[in-house]
1. In whole Hz and in residue order, list the ³J(HN,Hα) couplings for the stretch D:57-69 that follow from phi through the Karplus curve 6.51 cos²θ - 1.76 cosθ + 1.60, θ = phi - 60°; x for Gly and Pro.
2. Relative to the longest principal axis of the C-alpha atoms of chain E, give the angle of the C-alpha long axis of helix E:85-98, reported between 0 and 90° and rounded to the nearest 10°.
3. Taking C:Arg225 in one copy and the same position in all the others, each labelled 7 Å out along Cα→Cβ, what are the pairwise distances from the first, in nm, shortest first?
4. Taking Cα centroids, how far is the stretch D:22-47 from the stretch A:205-230 in Å?
5. What is the Cα centroid distance between the stretch E:59-127 and the stretch B:80-133, reported in whole angstrom?
6. With each pseudo-label sitting 7 Å past Cα toward Cβ, what's the C:Ala177-E:Arg235 distance in nm, one decimal?
7. Most fluctuating residue of B:Gln23, B:Gln72, B:Gln91 in a GNM of chain B with Cα springs under 10 Å: which is it?
8. Express in % the proportion of alpha carbon pairs of the stretch E:183-236 at distances exceeding 19 Å.
There are 6 protein chains.
Amino acid sequence: MRADGRRPEALRLLEIEPDFLEQPHGSALISCGKTRVLCTASIDEGVPRWLHGSGRGWLTAEYSLLPASTGQRTQREASTGKQKGRTVEIQRLIGRALRPVTDLGALGERTLWVDCDVLQADGGTRCAAISGAYVAARRALDRFGLGRTLTDSVGAVSAGIVAGEALLDLDYLEDSAAEVDINVVMAGDGRLIEVQATAERAPLTRAQLDELLDLTAHGIEEIERAQAAAVEAVRA
Amino acid sequence: MRADGRRPEALRLLEIEPDFLEQPHGSALISCGKTRVLCTASIDEGVPRWLHGSGRGWLTAEYSLLPASTGQRTQREASTGKQKGRTVEIQRLIGRALRPVTDLGALGERTLWVDCDVLQADGGTRCAAISGAYVAARRALDRFGLGRTLTDSVGAVSAGIVAGEALLDLDYLEDSAAEVDINVVMAGDGRLIEVQATAERAPLTRAQLDELLDLTAHGIEEIERAQAAAVEAVRA
Amino acid sequence: MRADGRRPEALRLLEIEPDFLEQPHGSALISCGKTRVLCTASIDEGVPRWLHGSGRGWLTAEYSLLPASTGQRTQREASTGKQKGRTVEIQRLIGRALRPVTDLGALGERTLWVDCDVLQADGGTRCAAISGAYVAARRALDRFGLGRTLTDSVGAVSAGIVAGEALLDLDYLEDSAAEVDINVVMAGDGRLIEVQATAERAPLTRAQLDELLDLTAHGIEEIERAQAAAVEAVRA
Amino acid sequence: MRADGRRPEALRLLEIEPDFLEQPHGSALISCGKTRVLCTASIDEGVPRWLHGSGRGWLTAEYSLLPASTGQRTQREASTGKQKGRTVEIQRLIGRALRPVTDLGALGERTLWVDCDVLQADGGTRCAAISGAYVAARRALDRFGLGRTLTDSVGAVSAGIVAGEALLDLDYLEDSAAEVDINVVMAGDGRLIEVQATAERAPLTRAQLDELLDLTAHGIEEIERAQAAAVEAVRA
Amino acid sequence: MRADGRRPEALRLLEIEPDFLEQPHGSALISCGKTRVLCTASIDEGVPRWLHGSGRGWLTAEYSLLPASTGQRTQREASTGKQKGRTVEIQRLIGRALRPVTDLGALGERTLWVDCDVLQADGGTRCAAISGAYVAARRALDRFGLGRTLTDSVGAVSAGIVAGEALLDLDYLEDSAAEVDINVVMAGDGRLIEVQATAERAPLTRAQLDELLDLTAHGIEEIERAQAAAVEAVRA
Amino acid sequence: MRADGRRPEALRLLEIEPDFLEQPHGSALISCGKTRVLCTASIDEGVPRWLHGSGRGWLTAEYSLLPASTGQRTQREASTGKQKGRTVEIQRLIGRALRPVTDLGALGERTLWVDCDVLQADGGTRCAAISGAYVAARRALDRFGLGRTLTDSVGAVSAGIVAGEALLDLDYLEDSAAEVDINVVMAGDGRLIEVQATAERAPLTRAQLDELLDLTAHGIEEIERAQAAAVEAVRA
């Protein structure tokens, strides 16, 4: 049994509050246990220079930890003047997660900005960000009548091997103790968008990789049902 | 009558949600109409080098607009690598607002970090940040048994002259149209901590300044009642 | 009696040397006691992008302390790669001080750059910068036949409460000891452009604020006479 | 058949020139087809502050593209003042690739710097960098009598699905056309250190992932034989 | 005859005002024609880390153009966040010019900061900066009873070939038209500290180089007489 | 006799490997003893804004030390975010060295980028960079049919006075011990492009300067023969 009483294959308590804000084109506050990420989506007219006249749009994502999100305060990147390597890596991942389900031709010459700001961090922030970002983007595009830009939904979750056991949706303490961790991004049709498996302490076997892939596939199905319900609720 | 039906001397709908997050030492989500600011307070052991061995603490404040808070998305400062002049000016103001009611000797050799992140901006964000920061700081210090560090409460509000009429607590559209605007920070005992009056379009007379000072004094009394109620609610 | 023998309501020795340099369009070296600020004004053809085609000009101000101006050498901001918060705050203030008396339509699509470089700092540098900047700007605009761009003169001075007494035009030692300080910017017609009152050590009462406002109003009248004399001298 | 006549499961021509330079503690020039990466390893006494007194060492990696390595010249990051997201992501990957086979206790309080500078880029630079970095690190550690710090060898290779076919060790043109690409880092014992599968154009199935994993496993075995031969040659 | 009526081998009107400021440890305002440079010298206790405990001091120089010094306003480097290559090159030259006549052992573990801020630029600013810096440094060291730190005086001047003729001490227009230019730094004993000859438009012969070296030697002798007179005047 | 057995007037072993890489337009790996510099030349269509429509091209040079080139690892400038003063100074020198033999009109509206990356540093890197850059530029321009852009060849070498003796082509240990050092850039016709003589420890006499100029003239003649041979070899 895990510290919070979860079974190995169970997600943390998942809540998605769509339209958490009124001014951004789309927004969602996603909570995965104590991890809380505010995701917004903004649609700007215009695209970067190299797409001028192409008829195609662009999608870009940014990620940030609020300084106090981590309990022990983290320095504000705007104040140090530099995004940390981890930040850069995560925001590139969020962009790659959404692009394969985004029809940039349907978007037209517009830029879809996705911002994921972590209000509270307790492990799994990059996956929560991706799952929330999909809802925010969906809401923004729906409002602009550009709903068909998103060709499928996207969800993400982490898993890891902790003390020899495969666990789904690690919280911070589990993540710190994991020998291996994996982040998986999956489309609504069950196909994989990104797999990142990392040997934190020791290399892993193909069999372990397979077990973790199975575990996350089930988790993401559940996340995608919650996403659909959230979108449905505010559309109604 | 104002666009939202308020009388000239009325505040916007004010809500303060203390302990909005669980991990930061103190937190409050303050809403002034559509303006929403997440304020957190973090207490770190240690002080900047020039205070080593002094037995005294330090207080520092940071402020940020989330990119999508402004509707029309603003560039993320962590990404441009530089805080804007407006940001720097506001975070210095927040620090100055809290220091006169902070007994740095009672804090001991600790640093109190105050972070004000604007989730949604509709005018008056610097004043909302100060009013919320007081509640977050109060909560963090109470938790650490350092409550006597704060010797009084602090509230802030803006006012301005719009089309010749003095109005309290401007929203974004009013602020954009104001000839003159003022931001006032006041301690719980009614004394002034900071007055910043700015001629946006034309200079102002002493009589106009006096009228705006009266208006804000009443507004801040009301804000300080809401702060006290919020703190009381979670202490209970 | 003050350290330099001044009465509480007396300015320091004030000297304004207009046209201190030959190459900038306008320049003035202002000395307020030991504080000496070199102010220049430059008129560039062209405006920032958002004003293209508007027929209106732009005014922007920059401020800097030369490294050795402070006695104990200060790091050069060009070398650290970052302007300090205090610098940013002051240069924004200088810009706001001049804009309400600047008719940007009369300027046409030009940018008026105001640079204030502190050669020696002994308190009151931001106010000296504003008072000197007016003279430099006036000289530059006169030379270009754009004199009507400035609709009035502008002067500024500080005051503060030191050991319970209200004093005008603080030098560095007085400023360091002040409980409260105020910077006031006033137009030639006696109306207020900016009031910044700050409780350095303890909050202040409305009565104290009023006393400081009175003190500075008299001081600025005297400064504006010196500005007029300086401009007259070189015009002749 | 591929443009250069290779079979789908064939590596490009692989050459590893150990001790390419005389001054760095360890070095290797690795060529994978036209991709050429100069890898060096430097051992510094001392560790970052948080490891002082721990008896443990630290390993850190940096990566760079020389400006002309890409044919069409790329801006030099030292000159723009900012490492690109791609650079940051790759150098973090190189560090993660080597750490699971590095016994930081055996290293003692030393820092092992690994630098991978791409002299010529034709796809697969991050994998070539990892494979070459192992040889450079091995050489530097051997010279310092710290050989047991590396507990195993590490190799890496890419693969992808191009026009529906799984291909090993993509060159630049193949990489640009790939629907899916994968980078795999494997230890000498055949276990996985990092798997990064990315849907560049469309999501992938588990079956496709499995096929790519098989392909890379064979490729890395061959790379590890070349690494061993290179190390052996200069040791003799 | 030159535009200002000078003979080819004549310096511009040279004025050195020592002790131009009261607060810096040493200062001098040097004017070479319209070029005016404010030089200050500051003595700080302490040295960079690598000299701790060595008993030796350090000398470092910084240089800057005030934005309006150039007539056509130049961007402020503190504002762009980056010193230009030209600035870096010049401040390194100033440091090299003074170090060969500085006995760092006699200075003790102190840092001598030399700041050269160009108030008005009309050619020859680097040479004027060096000549003025010597006077400022001499004044600062004398005040601290460290006069023997400077073992000789230093002066500098430029020359160039313009329309085939060798001219001393070029102003901006002459400098812009020069085929070749040279900057020479010479100690009081007539030996050379630095020679920088640059072919601006075409390579130069050894004979031309010799002619320029002769011309500058005479110029620097005259500059060194003016330096001595300036130092004498304020010492008296 | 020098440590490596050379006579005072002898160059180190000089090797120039033209076309070291296949993708850059031009490249050369130059070795002067243990100093090894990879030089590349890239021709981009287009020029900086101020040359648009002028019919003339632009040449710009960049220089870098690879971190491990110095044995004791140097920080990577891309990672510190700032080029060091020494780097800036050297790359400006490389540009000035090539421009007097470059006919920018013959180049047309193109930019010639010269990159010099030091793989291994053992003294004289800036001179090696210039000598190698000429070969790389020559190769790139020949390939584009723009060979007449280079009107002459350029070579460079250092010399210095070590323990009272004039030595050619200093290695790192000699350079560290030199009282005086000089870098000379010479065109193929024997005329001087740049002379930089620096008193590292003590000023130098005109006679010493003359001796060093003679020594370098002979050295550069030899370098220029090696350049010609290298270019000839690959042209054939």
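1. x, 9, 10, 9, 10, 10, 9, 7, 9, 4, x, 8, 5
2. Between helix and principal axis, roughly 60 degrees.
3. 4.9, 5.1, 8.5, 8.5, 9.9
4. So the two Cα centres are separated by 40 Å.
5. 37
6. Label at C:Ala177, label at E:Arg235, 3.9 nm between them.
7. B:Gln72
8. More than 19 Å apart: 40 percent of the Cα pairs in the stretch E:183-236.
Every read-out reported here was derived from the displayed coordinates using simple, explicitly stated rules and does not represent laboratory data. All values derive from a computational prediction rather than experimental measurement. Here the Cβ is made from the backbone with ideal geometry for all residues, glycine too, and neighbour counts use every protein chain on show.
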